[in-house]
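Novice: Questions regarding the structure given below will be posed in turn.
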Amino acid sequence: MSLRTVLSISVAALMGSSLLPAVAVERPVAGVSEKLLTHQSVFQPPRLIDVSEHVTVAYGYTMSNIVMIEGDDGIFIFDTGMRVEKAELALTALRTRTSKPILGVAYSHGHGDHTGGVRAFIPEGSDIPLYAHRNALRYLGDVTSPTADVFRLRAVQQLGLILPEGVEGTVGSGGGPVINLGGTVSYLTPTHLFDDEVTIDLGGTTVKLFHAPGDLDDGIGAWVEEDRVLSTGDTVVGTKTHPILSTPRYEKGRDAEAYIASINHFRDFGATHLVGGHGLPINGAENVSTLIDSTLLVGRYIMDETLRQIDAGATPAQTAAALRIPASITSGEEFDDYYHRLNWIVRGVYNKEMGWYGGDTLELVALPPKDRASKLIEALGGADSVLDQAEAAYSDGDYRWAAELATELLLQDEDHTEALSIKANSLRGVAYQSDSANERNYLLTEADLMLGDIGMNVIFGQAFARVTELFSEPKIPDLALAGPSSSFISKLRVRSDVNRPMDEDISIAVQVTDREESFQLTLTKGVMIHDRAALRAPDATLMLDHRSLILLADARMTWDNILDRDAVSVSGDSVKLQTFFDHLNWD
Ligand SMILES: [Zn+2]
């Protein structure tokens, strides 16, 4: 379900009060863990931190650090923050240090909290070089693929972007201060891609960029030899959080072994200062090596203990529940659940090694969820009894069990209003006690979405965007404009529907005119396949630009409106072309 769909449902729930679930239980008293609040206080206030003679960090302006390296001839920007407006504030502050020109910009990796502010540093029409590892282009395919909306929803939940700020909502992201939906997320396609390393001369100072896969396979580090400053992206950070070998959000390009190898690589530099993508800079050679070494041992331990547990026949859930970091290997450094929780990371590592099957053969023949729920509810004395037990568990503060019971009721009846109320408020109950900012944000957002309890600013923002789109050209995110056309061809492909079969197969050629790319799609029995003209001549050809392809694939415009666009033309059998698009699912 896309974020847009989720929010639409919430709007409907809010506008029609009859749709609002009945209150079975009162919302729990809001609270925040003191430990988490103390952790979050580190990210305030926004300020410049001088790391060394040539390196300054704009800290706390946006979710991640913006690093400025200054040479005689100009400055280099390593990472751009998450929003243009916040990045502009950071740049204004950095400009109090120097007015030298920007000689280059780099992304430490492709995540939006490091790329979103780029337009603040590279204005329209400027030819400032933008550096990134070559895999940045591969990642663009991931974040524009058919699963991108769900991925984005997970990121919105994780970061608490649609939550109110404060005791009832978000207190930050674990890796940075509170951020919300407001502002502009920009993206520019890197102009200078490299494979291994590249050194940029800033005049009297150099910055070496080198491949160091971490959060993503396009991860890079930056080394300023003259000041012995190492920037490590999100792979080693001073935020007291676990090395992120995996996340519930999930990334195809995150590889635990490559991540650990990069931490190992960082040891080679003998740096005097370390600037992570998040958190305060670390100063002093000994402090830097202690942090890198402990992060390496913790990462290696998580990986190998998971492998040992797999070897011992443990399931993912058993492994995740039991794994702890021994204090003996951390050299006094703190690694805690403030960002992604350890048990989530362990599950992810297990899953990437062994897939979904945990080794209990019952999993291979398990009852479908709905059947299991029916039998379980019956065994527990019927639906009324289960509801009573859920309410009792909720009253006792046994929120996890209350949510489990409510979930079984919802599997049987997704509109069960009391169960919805118990589950959502149970999630809140867990969230208010959590030391993990991500866990808190995930649970509180999910609860709000379940009950249609979304802030009016979000609802009006969404509604306003939809209304303005009726009258003007829809605004397309930079990321989609930069993404490969093949991603949007895939989005079009998954609109095929076996419940809408046609009498005959129809094949169309799609030419993306401004990219000089062609695709041939054949719709057969409600399944769309990629085809080749040598095997089957297309019945019609659709010529359109990348922008129109996005609008079509994302159903931001109807097929008829797409045909009216200047950049769109067709040839061949127009009846078959119409039939082809009529048989796709546009819901
Ligand atoms: Zn980050």
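Novice: Within the stretch 19-30, is there a residue that is assigned to a helix (DSSP H, G or I) and of a type outside the set (Gly, Ala, Ser)?
Specialist: yes
Novice: Taking the stretch 150-173, which residues are polar (S, T, N, Q) and in a helix (DSSP H, G or I)?
Specialist: Selection gives Gln157, Gln158.
Novice: Follow-up question, since we're still on this one. Does any residue in the stretch 201-215 that is in the same structural domain as Asn135 (by TED's automatic domain parsing) come within less than 9 Å, Cβ to Cβ, of a residue that is hydroxyl-bearing (Ser, Thr, Tyr) and in a loop (DSSP other than H, G, I, E, B) six or more places away or on a different chain, and which pairs are these?
Specialist: Taking only residues 6 or more apart or on different chains, the pairs are Ala212/Ser108; Ala212/Thr235; Pro213/Thr235; Gly214/Ser108; Gly214/Thr235; Asp215/Ser108; Asp215/Thr235; Asp215/Thr247.
Novice: Determine which member of the set Ala314, Ala258 is assigned to a helix (DSSP H, G or I) and surrounded by 17 or more Cβ atoms within 10 Å (Cβ to Cβ).
Specialist: Ala258
Novice: Identify the single condition in (1) away from the ligand (no atom under 14 Å from the Cβ); (2) over 18 Å from Leu296 (Cα atoms); (3) surrounded by fewer than 24 Cβ atoms within 10 Å (Cβ to Cβ) that Glu251 does not satisfy, given that it satisfies every other one.
Specialist: Answer for Glu251: the failing condition is (1).
Novice: Tally the residues that are more than 24 Å from the chain's Cα centre (by Cα) and at pLDDT below 95, restricting the search to the stretch 181-221.
Specialist: Matching residues across the stretch 181-221 total 0.
Novice: Here are Val171, Val236, Val229, Val178: which of them is within 14 Å of the ligand (Cβ to nearest atom) and either β-branched (Val, Ile, Thr) or at pLDDT below 95 (or both)?
Specialist: The conditions single out Val236.
Novice: I've got another one for you. Taking Ile325 as the residue in question, decide whether it is β-branched (Val, Ile, Thr) and outside any helix (DSSP H, G or I).
Specialist: yes
Novice: Starting from the stretch 300-328, keep only residues that are more than 15 Å from His242 (Cα to Cα), then list their pairs with residues that are among the charged types (D, E, K, R) and crowded, with 19+ Cβ neighbours inside 10 Å whose Cβ atoms are within a distance under 7 Å, requiring at least 6 positions of separation or different chains.
Specialist: Listed by first residue and then by second, the contacts come to Pro316/Arg347.
Novice: So which pairs qualify, if the first residue must be in the stretch 175-191 and within 27 Å of Ser126 (Cβ to Cβ) and of a type in the set (S, T, N, Q), the second must be within 15 Å of the ligand (Cβ to nearest atom) and part of a loop (DSSP other than H, G, I, E, B), the Cβ gap must be under 7 Å, and the two must be at least 6 apart or on different chains?
Specialist: Filtered contacts from the stretch 175-191: Thr184/Arg83; Ser186/Gly116; Ser186/Gly117.
Novice: Here is a check on your reading of the model: is Asp234 within 20 Å of Tyr339 (Cα to Cα) and buried (at least 22 other Cβ atoms within 10 Å of the Cβ)?
Specialist: Considered against the rule, which asks whether it is within 20 Å of Tyr339 (Cα to Cα) and buried (at least 22 other Cβ atoms within 10 Å of the Cβ), Asp234 comes out as yes.
Novice: Sticking with this structure for a sec: Take the stretch 328-347 and flag every residue that is out of contact with any Phe, Trp or Tyr (no Cβ under 7 Å at 6 or more places or on another chain) and assigned to a helix (DSSP H, G or I).
Specialist: Ser328, Leu342, Asn343, Trp344, Ile345, Val346, Arg347
Novice: Here is a further query. May I ask you to verify whether Asp388 is more than 30 Å from Val237 (Cα to Cα) and either modelled with pLDDT of 95 or more or of a type in the set (Asp, Glu) (or both)?
Specialist: Against the criterion (more than 30 Å from Val237 (Cα to Cα) and either modelled with pLDDT of 95 or more or of a type in the set (Asp, Glu) (or both)), Asp388 qualifies.
Novice: Sticking with this one: Look through Arg324, Arg372 and report the one residue that is in the same structural domain as Glu26 (by TED's automatic domain parsing) and surrounded by fewer than 17 Cβ atoms within 10 Å (Cβ to Cβ).
Specialist: Arg372
Novice: In the stretch 200-215, how many are of a type in the set (Val, Ile, Thr) and within 16 Å of the ligand (Cβ to nearest atom)?
Specialist: Summing the residues that are of a type in the set (Val, Ile, Thr) and within 16 Å of the ligand (Cβ to nearest atom) in the stretch 200-215 gives 0.
Novice: How about the stretch 47-71: which of its residues are within 16 Å of the ligand (Cβ to nearest atom) and either touching a residue at least 40 places away in the same chain (Cβ under 8 Å) or not in a strand (DSSP E or B) (or both)?
Specialist: Val57, Tyr59, Gly60, Tyr61, Thr62, Met63, Ser64, Asn65, Ile66, Val67
The values are calculated or read from the model by the stated rules, or taken from the named source; none is laboratory data. Bear in mind that the values here come from a model prediction, so they are computed numbers and not experimental data. Because the Cβ atoms are built from the backbone with ideal geometry, glycine has one as well, and the counts that use them run over all protein chains shown.
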